[in-house]
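Engineer: So that we are looking at the same thing, I have put the structure below in structure tokens.
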Amino acid sequence: MSDAASKLVEAADYWIRARDSFRAVIEAGLPPAGADLDEDLSRAHNRVSTLPQAAAMLNYAFDSADVLHRLWHEQLFHVPSDYVLLRSMLDNAIRVIWLLEPSVSDDRLVRAWLLARDAPSRTKRRITASLREDYARPSADEMRAAALNAKSYLKDLDQYFADVLHRLPSPQVLRASDFIAAAERHPLHDGVDGGITRLWNQLSELFHGTIAATEHRMIDDPPIAHSRVTRANVDDLALTAALVSRILEGALDLFYERFAPRSAPS
């Protein structure tokens with residue numbers, strides 16, 4: 001096993017240990033009195049509050065980590081599939097950091113509201129645009145029903161958070177840059193990281209199948225017949241996994257900080 005492959009196995013093992021520790025915490029019960037997440041739950045207690053959303057996203061990250069753990073222990077490395085899973089881990093980690101970044105409950109709950117409405121509002125906008133282009137398409141009735149469902153969900157969601165917060169800001173479209181900026185503001189173990197934008201962009205190119213970015217992470221082998229044989233560049237994969245580990249660790253640290261009772265003022 002090469003040094004880079006060993007580092008990948010070590011990273012994957014770390015993720016599984018982190019997953020088990022995380023799940024032990026959330027399965028043991030609700031956050032104690034005095035914790036930031038306890039305050040949020042006392043005000044917004046359904047599945048769109050900060051704790052359920054943050055826990056779900058961390059579990060999604062660990063789901064991708066579990067797949068990579070199984071593959072890398074078998075010395076199976078892929079391009080771009082492994083990078084797609086790493087991108088999923090990164091996306092969920094930076095969203096957790098963005099959600100839990102504010103120190104004030106009102107601000108965290110506003111972000112919980114924005115995050116909860118993001119997917120259905122995107123669905124509604126996409127359907128509306130598609131029907132505008134072709135209102136008579138065969139699936140038009142189903143699409144209109146889906147748009148109405150999204151509209152109804154958003155109405156109920158907005159009313160729920162309006163009752164909690166008494167006043168809501170104007171809804172905004174969440175962008176990757178919002179999550180990335182929060183992660184870059186967040187102090188990781190060895191300082192603030194300024195490279196998350198670059199990492200996210202690189203993984204996005206791989207996620208979307210950009211040829212140049214994908215081939216850069218492959219090792220060329222002589223072609224067999226008319227098929228090009230490729231192998232993952234394990235050194236690059238190990239570097240990417242290490243960077244994702246740092247950001248996931250930062251998201252977990254912030255989650256545990258919000259889950260624990262607040263320190264008494266000195």
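Engineer: Got a number for residues in region 91-129 being under 19 Å from residue 177 (Cβ atoms) and either over 10 Å from the mean Cα position of the chain (by Cα) or open to solvent by less than 30 Å² (accessible area, probe 1.4 Å) (or both)?
Structural biologist: 21
Engineer: Okay, moving on. Residue check, residue 155 against (1) part of a helix (DSSP H, G or I); (2) of a type outside the set (Phe, Trp, Tyr); (3) surrounded by 15 or more Cβ atoms within 10 Å (Cβ to Cβ); (4) modelled with pLDDT of 90 or more, all met but one. Which one?
Structural biologist: Going through (1) part of a helix (DSSP H, G or I); (2) of a type outside the set (Phe, Trp, Tyr); (3) surrounded by 15 or more Cβ atoms within 10 Å (Cβ to Cβ); (4) modelled with pLDDT of 90 or more one by one, residue 155 breaks only (3).
Engineer: Continuing with this model, one more query. Within region 35-56, count every residue that is open to solvent by 20 Å² or more (accessible area, probe 1.4 Å), over 19 Å from the mean Cα position of the chain (by Cα) and modelled with pLDDT of 95 or more.
Structural biologist: 5
Engineer: Has region 207-219 got any residue that is surrounded by fewer than 16 Cβ atoms within 10 Å (Cβ to Cβ), assigned to a helix (DSSP H, G or I) and at pLDDT 90 or above?
Structural biologist: no
Engineer: Mind checking which pairs have a first residue in region 233-249 that is on the phi < 0 side of the Ramachandran plot and a second that is open to solvent by less than 10 Å² (accessible area, probe 1.4 Å) and among the β-branched types (Val, Ile, Thr), Cβ under 8 Å, 6 or more apart or different chains?
Structural biologist: 247/94; 247/97; 247/196
Engineer: Select, from 70, 47, the only residue that is in a loop (DSSP other than H, G, I, E, B), charged (D, E, K, R) and either out of contact with any Ser or Thr (no Cβ under 9 Å at 6 or more places or on another chain) or closer than 25 Å to residue 198 by Cβ (or both).
Structural biologist: Selected residue: 47, the only one of 70, 47 that is in a loop (DSSP other than H, G, I, E, B), charged (D, E, K, R) and either out of contact with any Ser or Thr (no Cβ under 9 Å at 6 or more places or on another chain) or closer than 25 Å to residue 198 by Cβ (or both).
Engineer: In the list 88, 81, which residue meets the criterion of being without any contact (Cβ under 8 Å) to a residue 24 or more places away in the chain and open to solvent by 10 Å² or more (accessible area, probe 1.4 Å)?
Structural biologist: Residue meeting the stated conditions: 81.
Engineer: If you don't mind, there's one more thing I want to ask. Does residue 115 satisfy being in contact (Cβ under 8 Å) with a residue 40 or more places away in the chain, assigned to a helix (DSSP H, G or I) and not charged (D, E, K, R)?
Structural biologist: yes
Engineer: Across region 29-82, what is the number of residues that are of a type in the set (Val, Ile, Thr) and within 19 Å of residue 106 (Cα to Cα)?
Structural biologist: The qualifying residues number 2.
Engineer: If you check 144, 137, 132, which single one turns out to be in a helix (DSSP H, G or I), open to solvent by 60 Å² or more (accessible area, probe 1.4 Å) and either within 30 Å of residue 197 (Cβ to Cβ) or touching a helix residue (DSSP H, G or I) at 6+ places or on another chain (Cβ under 9 Å) (or both)?
Structural biologist: Going through 144, 137, 132 in turn, the sole match is 144.
Engineer: Follow-up. Of the residues 163, 236, 253, which is at pLDDT 80 or above, part of a helix (DSSP H, G or I), charged (D, E, K, R) and open to solvent by less than 40 Å² (accessible area, probe 1.4 Å)?
Structural biologist: 236
Engineer: Looking at region 166-201, which of its residues are part of a helix (DSSP H, G or I) and either open to solvent by 100 Å² or more (accessible area, probe 1.4 Å) or aliphatic (A, V, I, L, M) (or both)?
Structural biologist: Result: 176, 180, 181, 182, 183, 185, 196, 198, 199.
Engineer: Need pairs with beta-carbon distance below 7 Å; first residue of a type in the set (Asp, Glu) and within region 24-41, second open to solvent by 30 Å² or more (accessible area, probe 1.4 Å); sequence gap 6+ or separate chains.
Structural biologist: Partner pairs satisfying both residue conditions: 36/262; 38/30; 38/32.
Engineer: Within region 1-34, track down each residue that is exposed (fewer than 15 other Cβ atoms within 10 Å of the Cβ), at pLDDT below 95 and closer than 20 Å to residue 243 by Cα.
Structural biologist: Answer for region 1-34, where residues must be exposed (fewer than 15 other Cβ atoms within 10 Å of the Cβ), at pLDDT below 95 and closer than 20 Å to residue 243 by Cα: 2, 3.
The values are calculated or read from the model by the stated rules, or taken from the named source; none is laboratory data. What you are looking at is a predicted structure, and each value in this text was computed from that prediction instead of being measured. With ideal geometry, Cβ positions are generated from the backbone for all residues, glycine too; neighbour counts draw on all protein chains shown. Just so you know, the surface numbers come from the protein's heavy atoms only, side chains and all, with ligands and any DNA or RNA stripped out. Shrake-Rupley method; radii C 1.70, N 1.55, O 1.52, S 1.80 Å.
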